[in-house]
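Values in this text are rule-based calculations from the coordinates and carry no lab data. Quick caveat: nothing in here was measured; it's all calculated off a predicted structure. Don't worry about glycine lacking a Cβ; one is built from the backbone with ideal geometry, like all the others, and counts go over all protein chains shown.
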Amino acid sequence: MSASNVKVVELEASGGSTAPSTGFRIFNRIVDWITNDRMQLINVTDRINEIVRKSGIRDGVVHLQSLHTTTAVFINEWQDALLHDVKHFLEELIQDHPWRHNDPAYSDCERRNADSHLRGMIMGQSLCLQVRNSTVLLGTWQSIILAEFDGPRSRSVSIQVSGVRPAATARHAPAIYSRGSAHPPSGSGATAPGGGCPQIRIPAGRT
């Protein structure tokens, strides 16, 4: 279930980023993941945060959209036992059945993957999340997960970051502050290393 053995390819979407270097900005990327199993869960949180930082946008939203009907993107805790439960739940929820999509009498699909389509439909193929201080706003136990339901295949996710890139970042020289500090000193006009905090996390229980 680890993403360590998943190949990632990043492509710049048509149009790239728009708007001037300050003010409102839109930044587009398409990222491909090469999956290894028919059903596979991949933690893409760090990759999405990397793209958000690269966008230069400090505050706004990031929209993720899978470009496939047999995948999903969702938020949950990244914990091995829970990941096993999620896969088992989806397997039990959508079981073998004489689906018409798999029947040559009704369908021209050779993959016989009706179950994959139904799992993707239930889990959903898009997410819209807040961006604050150049990072995705997530709760303590939340991770962004890409689900493969009909692998192994190459899977594309379109990522669009939109929001403000303040003019102050272009006018002020970088300030020097503690490397371990998540935020620059008040009034310095500087941004934290990597474009913001390493990760915004809201203290909370496991909900």
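Things to note:
- Within the range 66-81, residues that are closer than 22 Å to ILE30 by Cα sit with their Cβ atoms under 9 Å from residues that are part of a loop (DSSP other than H, G, I, E, B) and of a type in the set (Val, Ile, Thr), at 6+ positions apart or across chains, in these pairs: THR71/THR35; VAL73/VAL44.
- Residue count for the range 117-144, restricted to those that are in contact with a Gly (Cβ under 9 Å, 6 or more places away or on another chain) and under 13 Å from THR70 (Cβ atoms): 0
- Test: residue in the range 111-119 that is in contact (Cβ under 8 Å) with a residue 40 or more places away in the chain and in a strand (DSSP E or B): no
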